[in-house]
Amino acid sequence: MKGENSNQIGLIGLGVMGKSLARNFESRGYNVSVYNLPFPGEEDLVNNFVNEFSDSNFYGAKDLEDFVNSLDSPKKIVLMITAGDPVDQMISKLEPLLAENDIIIDAGNSHFSDSERRSKDLDSKGLKFVGLGVSGGEEGALKGPSLMPGCTSSTYQELEVYFKSIAAVEREGNACVTHIGSGGSGHFVKMVHNGLEYADMQMIAEVYGYFKKSAGYSNEEIASIFEDWNKGELGGYLLEITIDILRHKENGQATLDEILDVAGNKGTGKWVVHAALDLGVPIPTISESVFARYLSTMIETRTGASSSYNQSSGVNKLSSEGINTIKDALYASKLINYIQGFDLIKAASEQYNWDINFSNLANIWKEGCIIRSEVLYVLSEINITNNLILTNEIKQLLLTRISAFNQTLAVFGSSGVHAPAMSASFNYFNGIILEKTTANMIQAQRDYFGAHTYEKVGKPRSEFFHTNWTK
């Protein structure tokens, strides 16, 4: 497979995800050219990869020009490299070697604003660009990820057969890929996906924390509870792996109990919060999940404060009814998390003229991605044209769980449980259903000290007033 212009797909970047994605393409019958910049210690990476799969249709390019020449036209080049400057540098190296209508697909975790910029720049040069969100981790990339391509509709049509062939397939038989919109839309949606992932993980951890520390359950008992939940409406990948984690042992000891309670992050959660602030959209559940990871790093402060502010409230096992109450509260929290996430995507779609189909988003997240769950199957059946909380389907799901939500947060609070994400969902819900908030007091205060003016009840929204509050 070393003849020129013979391979349908080219992939640059043979890290864990790159190797898996290359193998996925090849397993679907495509001839795949691979290339990796010769970093120190990785000079033989390409040859080693090709030799490892010597019976497969891979071509290991010796340099970038050889790589480009090995592809048929229009050339379709997938970048699986570090986001930021490395992507720009690689695009600059590729540009002189490409012809009109060749396609560069950035499948890394790039910031959506970079994808917007690259799309416009390459379009002006006659080249096509796709900002491709990819979720599913190493296994998903190999066996079938969820794909979120941002590009022109014509470019998507050109690539649809390739994307559908490697994407995950949900229960109804549909591939977990759809055209998101233009420019940076694919990477924006992937960014929000990661934010939802932060929150889902945090909420599961909060429930685990209550069961473990306040209710006195063993890891195996918690795993059994989660296993029961995973068979129903709360079922999903993150709960599934949590069960495995709770049961894993090394040398007879629970591996989880040996892990330092300091959570890392790669920055995408911070990007979501920044985007929400820029667009003026409240996403407190995701935000608090990001801050919870930051707080976890303050281990010296936490350790010192723990001895001074001991809030131990004893251990109280729960009845089956009490366990079901917490289950309902977690389900409500998940729904409210998605309400916020979809509202953020809707605001971005309007701001950047992406024209995103929101029901399609739920469809492509049903399988393959990290947040895949039964909740996504529910959301995919809803015609989402406005904030999800206004839909009849969500109303019914939340109305039957308000009592459980209230009870659970009260129990968590009295037990001294740190539950920022579930509490944020609770507070968001209580705020979004209020006909009248206390923001009138905020406006009065702003007008008092800064003459910022305010609007009046019953007056046009474009009319503003000021009061001299000291007279």
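Yes/no matrix, rows are residues, columns are (1) touching a strand residue (DSSP E or B) at 6+ places or on another chain (Cβ under 9 Å); (2) part of a helix (DSSP H, G or I); (3) not charged (D, E, K, R):
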{"residue": "171", "(1), (2), (3)": "no, no, no"}
{"residue": "186", "(1), (2), (3)": "yes, yes, yes"}
{"residue": "198", "(1), (2), (3)": "no, yes, yes"}
{"residue": "202", "(1), (2), (3)": "no, yes, yes"}
{"residue": "207", "(1), (2), (3)": "no, yes, yes"}
{"residue": "213", "(1), (2), (3)": "no, yes, no"}
{"residue": "217", "(1), (2), (3)": "no, no, yes"}
{"residue": "222", "(1), (2), (3)": "no, yes, yes"}
{"residue": "228", "(1), (2), (3)": "no, yes, no"}
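Only residues that are within 32 Å of the chain's Cα centre (by Cα) and exposed (fewer than 10 other Cβ atoms within 10 Å of the Cβ): list them for the range 435-455, please.
435, the sole residue that qualifies.
Against the numbered list (1) modelled with pLDDT of 90 or more; (2) closer than 20 Å to residue 161 by Cβ, residue 5 comes up short only at (1).
The condition of being surrounded by 16 or more Cβ atoms within 10 Å (Cβ to Cβ), modelled with pLDDT under 95 and in a helix (DSSP H, G or I) does not hold for residue 348. Any chance the range 388-395 includes a residue that's loosely packed, with under 14 Cβ neighbours inside 10 Å, under 25 Å from residue 178 (Cβ atoms) and assigned by TED's automatic domain parsing to the domain that holds residue 216? Yes: the range 388-395 contains one or more residues that are loosely packed, with under 14 Cβ neighbours inside 10 Å, under 25 Å from residue 178 (Cβ atoms) and assigned by TED's automatic domain parsing to the domain that holds residue 216. Between 119, 73, the distinction of being hydroxyl-bearing (Ser, Thr, Tyr), over 20 Å from the mean Cα position of the chain (by Cα) and crowded, with 22+ Cβ neighbours inside 10 Å belongs to 119 only. Evaluating residue 428 against the criteria (1) assigned by TED's automatic domain parsing to the domain that holds residue 273; (2) free of Cβ contacts under 8 Å to residues at least 12 places away in the same chain; (3) among the aromatic types (Phe, Trp, Tyr) leaves one unmet condition, (2).
Checking each residue of the range 96-107 against the condition of being more than 24 Å from residue 37 (Cα to Cα) and touching a residue at least 40 places away in the same chain (Cβ under 8 Å) gives no match. Please verify whether the range 360-369 includes one or more residues that are within 20 Å of residue 204 (Cα to Cα), in contact with a helix residue (DSSP H, G or I) (Cβ under 6 Å, 6 or more places away or on another chain), touching a residue at least 60 places away in the same chain (Cβ under 8 Å) and among the aromatic types (Phe, Trp, Tyr). Yes - at least one qualifying residue is present in the range 360-369.
The set of residues from the range 33-66 being touching a residue at least 24 places away in the same chain (Cβ under 8 Å), small (Gly, Ala, Ser) and more than 15 Å from residue 78 (Cβ to Cβ) comprises 56, 60.
Residues in the range 230-239 that are aliphatic (A, V, I, L, M) and part of a helix (DSSP H, G or I): 238, 239.
Screening the range 240-324 for helices (runs of 4 or more DSSP H) wholly inside it with 2 or more residues that are out of contact with any Ser or Thr (no Cβ under 7 Å at 6 or more places or on another chain) and farther than 30 Å from residue 429 by Cβ returns the ranges 299-308. Restrict the check to the range 109-124 and report whether at least one residue is within 27 Å of residue 236 (Cα to Cα) and among the small types (Gly, Ala, Ser). Within the range 109-124 (the criterion being within 27 Å of residue 236 (Cα to Cα) and among the small types (Gly, Ala, Ser)), the answer is yes, since at least one residue qualifies. Please find, among 95, 116, 139, the residue that is under 11 Å from residue 184 (Cα atoms) and either in a helix (DSSP H, G or I) or out of contact with any strand residue (DSSP E or B) (no Cβ under 8 Å at 6 or more places or on another chain) (or both). Checking each option against the conditions leaves just 116. Flag set for residue 278, criterion: within 22 Å of the chain's Cα centre (by Cα), surrounded by fewer than 16 Cβ atoms within 10 Å (Cβ to Cβ) and not aliphatic (A, V, I, L, M). From the list 158, 172, which one is out of contact with any Asp or Glu (no Cβ under 7 Å at 6 or more places or on another chain), among the acidic types (Asp, Glu) and in contact (Cβ under 8 Å) with a residue 40 or more places away in the chain? Testing whether each residue is out of contact with any Asp or Glu (no Cβ under 7 Å at 6 or more places or on another chain), among the acidic types (Asp, Glu) and in contact (Cβ under 8 Å) with a residue 40 or more places away in the chain leaves just 158.
The values are calculated or read from the model by the stated rules, or taken from the named source; none is laboratory data. These numbers were taken from a predicted model, which means no experiment stands behind them. We place every Cβ from the backbone using ideal geometry, glycine too, and count neighbours over all the protein chains shown.
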